Structures are given as structure tokens and as C-alpha cells.
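A short worksheet on the structure shown next.
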Amino acid sequence: MNRVLILGGNGILGSEVVRQLNLRNIEFLSPSSSDLDIRNNQMLVKSTRDFKPSWIVNCAAWTNVDGAEVSFEAALEINDQGVQNIAAVAKEFGSQVIHISTDYVFDGTSSQPYDERMPVNPINKYGDTKLRGEVALINVIPMGSYIIRTSWLYGISGKNFVKTMAAKALRNEPARVVDDQIGTPTSARDLAQGILAIIDNSPNPGIYNFSNQGLCSWFDLACTIYRIVGKDYKLVEAIDSNSLNFIARRPQYSVLNKEKWESAGLTLIPDWQNSLEVLLPEIIKEIKISEMQ
């Protein structure tokens, strides 16, 4: 019987994984970051020894891309050292690990979707920290590691682009959004269902790409959100990345190839527009509840 330790269970993805585990009546433990900080090896050892999980799902991460440029060591403590700690306890107690990584391990210079075998070359420190975490995990438990690279993640919980744009649309506010970065939005619910499929099926370990199907720019995504909300998409203004004065460089193209995922027979991956239409009403409901509090 599977027992799952979920790290980062209150975040965008972790909360959806918890939802799926509850729906499936799978035994799990989802401690808060104050109760289990992945930077603290003693905390990890105690929780893993006491709970004895067959799977550890790591959704905990430093995700502030610009912040990693100025607080690199702090980002490393979570995205690299934290993952080293997870790998060590997984090896000691015989757990398998599902670890969430990012499209930002690529440099964005490709003209075709990135598959898992293409060379990695992060162009910012956030991508660097995430790549180091990947390497650390595979080096310690190569036969028990499942690394999922995803992109443009959004969901009901936490702060994310879709939620921000939906809130602006509801208030009839204008938005300035870059149109020179191309990728694919990923529904946290779809990815959470994919994580459960790995737990159910135990495919070959290794790196897997997962995002929704299709591609768009951030500008396209914002316009689509405004349309679904029923607002004028002309409130969204297209700008280039240089206009925003980001500290960290972003990949201009980070579409992920999902052929390996599909070949493993894990889950069917919906088109990004369809998944957005499914989840956006729940996101809007959450926004309205938050604004009433």
C-alpha cells in the first residue's frame, strides 16, 4: 500500500496533490514548512522514519526567479541542499521520490520543443539551482528518482500569473504583458493527476516533461483569461521583456516535448485552453472569497 509524504503541500501544486490523494483515499502526510523544513535534515529524518513513506513528493521550492539573482545562497539552500537532504533520507528509508523541476533549466534558444535528452543550459540563477537539485537527486538514488520538468504552473492556491490576471480582469483593470516569451501553461490539477499516475504505475525512473499541450505567449494567455472572464481582452497591452526590467533573464522559448510521458502511458494531457477553462472558474471563486475576507 502506498504512503505518501508530500512536501510543499500548501502551494500551487502541492495543494492539488493533496486533493488527489484525498480523492483516492491514499494515506499521506503533508506537514507545513514550519513542521518540516527540507533544509533541516533532522526534521526530514524524523518525519521519514516515523511515517515510512513509500513515496516522497517534493513540491517545495524557491520559486522567486528574480530573487534568486540577489539571494542565490538562500535559493540554493532549498533547491539544491534541500533536495540533497530528501535524496539522502529516501535512500536510507527506501522511498521513491517525485521531484518537480522547471523548463528554466533550458536556455530558450531552441526552435522546437525541448525533450528530456536535450542539453541543459540555464540562463538565470533560479534555473541553475533547480538543475543542481536534479543532479543531486539522480546521483544519490538514480533508480528511485522521478523528476518532472514543468512550465508556467498555475492553480487555485498560491500566487501565480493566471490568478493575478484573473483578478485584474474581474476589476476591469488594464494589464501590460510580454509577448516575446513562448511556452505552455500547466494546470496544477492536471500535473497532480500525472503525479498520482506515476505513483500508481511506477514507470521507468528518470526525467519526464509535463505541461499542457499547445503553446502561447504570456500575452496570449492573458488575453485568453480576459475572454473567459468575460472582459475586454483589449485591456491587455503587449510589451517586450526589456520593458519590465527583470533582474533575471527568461528563456524566450520553453515549450516542452511530452512524447516520453505519452509513451509511458501515464495520463492524457489536455490542451492548455481546455484546462484553463476548467480550472479558471474555481480560481475566480477563490479570488472572490479572498477579497471578501
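The values are calculated or read from the model by the stated rules, or taken from the named source; none is laboratory data. The shown structure was predicted, so the numbers you read here are calculated from the model rather than taken from an experiment. Using ideal geometry, Cβ is built from the backbone for each residue, glycine included, and neighbour counts are taken over all protein chains shown.
Looking across segment 81-117 at every residue that is charged (D, E, K, R) and under 25 Å from residue 188 (Cβ atoms), the one that is surrounded by the most Cβ atoms within 10 Å (Cβ to Cβ) is identified as 103. Taking the conditions (1) of a type in the set (Lys, Arg); (2) within 16 Å of residue 163 (Cβ to Cβ); (3) exposed (fewer than 15 other Cβ atoms within 10 Å of the Cβ) in turn, residue 231 satisfies each one other than (3).
Of the helices (runs of 4 or more DSSP H) lying entirely inside segment 213-293, not one carries at least 3 residues that are of a type in the set (Lys, Arg) and at pLDDT below 95. For segment 42-75, residues that are more than 21 Å from the chain's Cα centre (by Cα) and either part of a loop (DSSP other than H, G, I, E, B) or among the aliphatic types (A, V, I, L, M) (or both) total 7.
Look at (1) assigned to a helix (DSSP H, G or I); (2) over 14 Å from the mean Cα position of the chain (by Cα) and you find that residue 189 fails only one, number (2).
Selection of segment 166-205 for residues being out of contact with any helix residue (DSSP H, G or I) (no Cβ under 8 Å at 6 or more places or on another chain) and on the phi > 0 side of the Ramachandran plot yields only 202. The single residue among 259, 237, 286 that is closer than 23 Å to residue 173 by Cα and within 23 Å of the chain's Cα centre (by Cα) turns out to be 286.
Taken over segment 97-142, the criterion of being assigned to a strand (DSSP E or B) and over 17 Å from residue 68 (Cβ atoms) is satisfied by 97, 98, 99, 114.
Do we find that residue 268 is free of Cβ contacts under 8 Å to residues at least 12 places away in the same chain and on the phi < 0 side of the Ramachandran plot in this structure? Talk me through it step by step, then tell me what you get.
On the way: free of Cβ contacts under 8 Å to residues at least 12 places away in the same chain: yes; on the phi < 0 side of the Ramachandran plot: yes.
Taking the combined requirement at face value, the residue satisfies it.
What is the residue count in segment 22-51 for residues that are farther than 15 Å from residue 78 by Cα, surrounded by 13 or more Cβ atoms within 10 Å (Cβ to Cβ), without any contact (Cβ under 8 Å) to a residue 60 or more places away in the chain and among the hydrophobic types (A, V, I, L, M, F, W, C)? Count: 4.
In this structure, is residue 78 surrounded by fewer than 24 Cβ atoms within 10 Å (Cβ to Cβ) and either assigned to a strand (DSSP E or B) or not small (Gly, Ala, Ser) (or both)? Judged against the criteria, residue 78 is a match.
Each residue in segment 1-21 was checked for being outside any strand (DSSP E or B) and touching a Phe, Trp or Tyr at 6+ places or on another chain (Cβ under 8 Å), and 4 of them qualify.
Of everything in segment 262-277 that is surrounded by fewer than 21 Cβ atoms within 10 Å (Cβ to Cβ) and touching a Gly at 6+ places or on another chain (Cβ under 6 Å), the residue that is farthest from residue 211 (Cα to Cα) is 267.
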